[in-house]
Amino acid sequence: MGLAIVVILMILGMLFVVRFVLLKPQTTIKQSYADTVLAANLKNSILLFTTQCGELRVQDLLADCVQTPLGQSPQTNNCPPGFTNSCDYSQQRIQEIFDATLEVANRNYRFEACIIKNRLCDPQRGIIRMASDSDYNKACEGQEIESKFSPVQTRAGIMKVTLQVCRDVI
């Protein structure tokens with residue numbers, strides 16, 4: 001009787017392996033590499049993009065925005081009329097880039113910039129979160145994620161900039 005139970009458990013284990021490991025859709029190495037390059041290059045392009053706010057890069061505007069304590073206004077940095085601060089302007093430029101790239105390719109994404117405190121975003125400072133879905137946490141739900149981040153030194157500490165590009169799992 002004991003041997004029969006062991007055999008049944010082994011058969012169930014093998015079915016589990018076949019179902020979830022062997023029949024799992026395999027992304028090609030080429031697609032995986034393309035997603036890695038896309039996430040890394042797009043993140044770098046966004047950070048190094050020169051804006052009309054005093055010729056500052058998006059990276060500098062994000063740093064100004066996230067290092068400002070909550071309740072205080074970030075600097076305007078000579079931004080074009082209609083933008084009240086570096087947060088508004090940097091988010092507008094970043095969204096334009098996403099609209100012209102990831103949205104056109106119908107790719108989901110999440111973008112975050114914040115000051116790191118104890119390995120998490122500092123809740124006492126500004127946090128910029130953008131996503132293809134109105135609910136940031138659901139933007140990549142059920143998808144494989146290619147994530148790239150950059151640490152950027154600011155006056156308030158290290159700013160973490162993360163871009164996650166998502167891929168449907170078939």
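Contact list please: Cβ distance under 6 Å, first residue in the range 43-64 and of a type outside the set (S, T, N, Q), second residue open to solvent by 50 Å² or more (accessible area, probe 1.4 Å) and at pLDDT below 85, pairs at least six apart or on different chains. So the pair list comes out as C53/N78; G54/N78; D64/Q75. Tell me, yes or no, whether the range 117-129 has at least one residue that is within 20 Å of Q31 (Cβ to Cβ), touching a residue at least 24 places away in the same chain (Cβ under 8 Å) and open to solvent by less than 70 Å² (accessible area, probe 1.4 Å). For the range 117-129, residues within 20 Å of Q31 (Cβ to Cβ), touching a residue at least 24 places away in the same chain (Cβ under 8 Å) and open to solvent by less than 70 Å² (accessible area, probe 1.4 Å): absent. Do we find that C65 is buried (at least 19 other Cβ atoms within 10 Å of the Cβ) and within 12 Å of M159 (Cβ to Cβ) in this structure? Yes; evaluated as a whole, the condition is true for this residue. Scoring A105 on the criteria (1) at pLDDT below 90; (2) within 19 Å of A34 (Cα to Cα); (3) open to solvent by 30 Å² or more (accessible area, probe 1.4 Å); (4) under 14 Å from the mean Cα position of the chain (by Cα) leaves a single failure, condition (4).
Residue under question is D35, and the condition is that it be surrounded by 11 or more Cβ atoms within 10 Å (Cβ to Cβ), acidic (D, E), modelled with pLDDT of 80 or more and closer than 20 Å to E144 by Cα; does it hold?
yes
Candidates in the range 131-170 are the residues that are among the β-branched types (V, I, T) and at pLDDT 85 or above; of these, the one that is surrounded by the most Cβ atoms within 10 Å (Cβ to Cβ) is V165.
Would you say T84 is more than 15 Å from the chain's Cα centre (by Cα), open to solvent by 50 Å² or more (accessible area, probe 1.4 Å) and β-branched (V, I, T)? Yes: the conditions hold for T84. Within the range 117-170, the residues that satisfy the criterion of being of a type in the set (K, R) and at negative phi are K117, R125, R129, K138, K148, R155, K160, R167. Checked against the criterion of being open to solvent by 70 Å² or more (accessible area, probe 1.4 Å) and in a helix (DSSP H, G or I), the range 46-57 has at least one qualifying residue. Do we have any residue at all in the range 22-31 that's modelled with pLDDT of 70 or more, closer than 19 Å to Q143 by Cβ, outside any helix (DSSP H, G or I) and not small (G, A, S)? There is at least one residue in the range 22-31 that is modelled with pLDDT of 70 or more, closer than 19 Å to Q143 by Cβ, outside any helix (DSSP H, G or I) and not small (G, A, S).
The values are calculated or read from the model by the stated rules, or taken from the named source; none is laboratory data. Quantities reported herein were computed from a predicted structural model and do not represent experimental measurements. Please note: Cβ atoms are built from the backbone with ideal geometry, for glycine as well, and neighbour counts cover all protein chains shown. To get the accessible areas, we keep the full protein, side chains included, count just its heavy atoms, and leave off ligands, DNA and RNA. Shrake-Rupley method; radii C 1.70, N 1.55, O 1.52, S 1.80 Å.
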